[in-house]
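J.: Handing you this structure, nothing more for now.
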Amino acid sequence: MRLTQRLLLSLLALVGMLVLAILVVMDIRLRDGLLAESRRELEREARVVAALWTSDSDAQLVARAAGAALQHRVTLLLPNGVPLGDSELRADQLADAREMIRRPEIAAALRDSVGWSTVRVASGEELRVAVLAPQGIVRLTYDLSSMRAAFDDARRGLVGAGAVALLVAAAISWLFARAISRPVLELRDVARDLAAGNLSRRPSLTAPGEIGDLADAIYRLVEQLSARMDALRSEEALHAAMSDALSEGVIAVDAIPQVVRINATGRRLLGLTDDTPFPVEHLPRERALRDALAAALRGRATDAVEAVIGGHTLILAGRPLPEGGAVLALYDFTHIRKLEAVRRDFVANVSHELRTPLTVVRGFAETLVSDSLPDRDRLAFAETIRTNAERMQRIVDDLLDLSRIESGRWTPRPIELDTRALASETVAASAPEAGRRQVRLTVRVAPGAEQLFADPTAVRQILGNLVGNSLRYTPAGGEVEIFAEPFARGVTVGVRDTGSGIPAEHLPRIFERFYRVDPARSREAGGTGLGLAIVRHLVEAHGGRVTVQSTVGQGTVMTAFFPTIQ
């Protein structure tokens, strides 16, 4: 039930109870008062009749004369209860003395000199008053019907007035209830919005008294809550930004347990996309992860637990929270482990690449020490030593170039270059090797690719390495083409050959250091296994990228994209 209805019904009930109370009081007090007043009046009249009744007067005539004058029934009785006269009865109709003496008003008058009683008769109700007189007893009978009618009229009037009062009270109560309930309902709606998190709602009323004080207090409360919520949101956003900016993954778990917070790094490392909160069962089912989390939830910290999850090598660390729950930190060691593997492979590859020429140099050098060696063999052995020394020199030079590029000690100095001129220089430098291998070298520069913005030394080294690589794997009668084509916001320079091609499974790794598709053939052709790695680093230093397309038995296309720098 609404407040307006409750207030209206309450006020109507109050007014109704007041009207009912007035009716009850009138019915009891007024009736009793009127009855008592009538009794006293009859007593006075009875005493007047007693004064008129003498010993020598006819009792019947006195009764009739008094009854006519007073408009009441008058009865005169001897002290023993024998009726002598009655204003409404004949002498032969008078009641028996024994009956009269038993009447309560007669008995009371004989005892106390005055008696009265109310008696219900066929016509209604009568009031009888008896007074002890010198000649006997005077009794007056008063018909209460007229008093009852007057009393009923008064009651009906009071009921009508009560009904009017109820209607007036209903109108006033409704207005009063509306005046009270409207601001209360508005404050209720504001409070509900606050509970729902809507802090933009404000009380609009300005009323005097307690309602106005309550509205003002709620207004100040909303202002304080808004300020605090804004501060909390700012702090939450700051914490979220700081958490997402971490290079380590962070997972917060409550006591239920369920994940209540996870930063972007944690989602990436574990491959999670669920919105928080979500059950811990959605985390990867890696034993090390589950054990570290379970230990932290039991209140025991864990450090440096290594696990491989989703292709990432992670170091896990768990910490319990004071009020239940845990925080799990994930450190991505994948790159470090890869670097360690690269370092091991690099050392093994360098050792392997240098061991063969060193062994050859040492063996032939020991042979040259012998005095009995013919001069013709001595020259051949010296040439072999020189060739292997040059091979080791190329490996060392390539390693130094690669180290200088990777360490950042070399930065490109791009300028506007003539693409055709650079390609022609590379053709001229590679012509002897191409002639020896019977491979034709060509140049094709598409319109729009005549100018290239790059470091000239780097471009010469890139083209030289790509052409040299193609010559080593292109059979006699084949063709190696240097081409340049315009591309979106840059120029693509590449080398296309008709060589043996590269199997698809080797394509993702051919730009790694010392990686060879056919190691034995590469060493025989004089390759160091570092040329393509140098090409990739030089191109990426310009902000570009290298790509390769190859079909076994048909040839290979290697391209280097150089962006146009404004």
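Bear in mind that the values in this text are calculations on the coordinates, not laboratory data. Source: prediction; values computed, not measured. Cβ: placed from backbone, ideal geometry, glycine included. Neighbour counts: every protein chain shown.
J.: Which shape class, rounded, prolate or oblate, goes with the range 246-329 when its Cα gyration tensor gives a ≥ b ≥ c as root eigenvalues, a/c under 1.5 marks rounded, and past that a/b bigger than b/c marks prolate? Let's see the in-between values first.
T.: Values: a/c = 1.57, a/b = 1.15, b/c = 1.37.
It is oblate, given that a/c is not under 1.5 and a/b is not larger than b/c.
J.: With labels modelled as points extended 7 Å from the Cα through the Cβ direction, what inter-label distance (nm, one decimal) is found for Ser226 paired with Arg120?
T.: 7.5
J.: Which order do Met558, Met147, Met17, Met229 fall in if you start with the one that has the fewest other Cβ atoms within 10 Å?
T.: Met17, Met229, Met147, Met558
J.: Using only C-alpha positions, report the orientation-averaged shadow area of the convex hull of the range 183-336, nm², one decimal. Before the final figure, lay out the partial values.
T.: Details: hull surface 45.8 nm².
Taking the Cα atoms of the range 183-336, their convex hull projects to 11.4 nm² on average.
J.: Turning to a different aspect of this structure: Net charge within 11 Å of Pro412 by Cβ-Cβ distance, Lys/Arg positive one each and Asp/Glu negative one each, not counting Pro412 itself?
T.: Net charge around Pro412: -1.
J.: Another question, if that's okay. Provide the packing ranking of 377-383, 287-293, i.e. peptides ordered by the mean count of other C-beta atoms within 10 Å per residue, highest first.
T.: On the way: 377-383: 13.1, 287-293: 17.4.
Going by the mean number of other Cβ atoms within 10 Å, highest first, we get 287-293, 377-383.
J.: Normalise the Cα radius of gyration of the range 45-111 by 2.2 N^0.38 Å (N = residues in it) and let me know the number.
T.: Expressed relative to 2.2 N^0.38 Å, the Cα Rg reads 1.04.
J.: Right, here's the next one. Cα gyration tensor of the range 221-267, axes a ≥ b ≥ c as square roots of the eigenvalues: rounded (a/c below 1.5), prolate (a/b > b/c) or oblate?
T.: Working: a/c = 5.21, a/b = 1.72, b/c = 3.02.
The shape class here is oblate.
J.: State, in angstrom, two size descriptors of the range 28-151 derived from its alpha carbons: Rg to one decimal place and Dmax to the nearest whole number.
T.: Both quantities, over Cα of the range 28-151: 13.8, 45 Å.
J.: Then there is this: How about the range 437-521: which trypsin sites (Lys or Arg not before Pro) there are in a DSSP loop, with at most 16 other Cβ atoms within 10 Å of their Cβ?
T.: Hits after loop and neighbour filter: Arg489.
J.: Quick check on the range 273-321: take the gyration tensor over C-alpha atoms, sort the square-rooted eigenvalues as a ≥ b ≥ c, and tell me if it's rounded (a/c under 1.5), prolate or oblate. Mind dumping the intermediate values first?
T.: Numbers: a/c = 2.06, a/b = 1.08, b/c = 1.91.
It is oblate, given that a/c is not under 1.5 and a/b is not larger than b/c.
J.: Per the helix-only calculation at 222 nm, which mean residue ellipticity applies to the chain, given -39500 (n - 2.57) for every DSSP H run of n ≥ 4 and division by its residues, nearest 500 deg cm²/dmol?
T.: Numbers: 15 runs with 298 residues, N = 566.
Value at 222 nm, helices only, nearest 500: -18000 deg cm²/dmol.
J.: Give, as a single signed number, the net charge of other residues whose beta carbon lies under 13 Å from the beta carbon of Thr551, with Lys and Arg counted +1 and Asp and Glu -1.
T.: Every neighbour counted, the sum reads 0.
J.: Here's another thing I want to ask about it. Under 8 Å for C-alpha pairs, at least 6 residues apart: give me the relative contact order for the chain, rounded to a whole percent.
T.: On the way: 831 pairs, mean separation 39.4, N = 566.
In percent, rounded to a whole number, it is 7.
J.: Which Rg and Dmax, in Å, describe the Cα atoms of the chain?
T.: 62.5, 205
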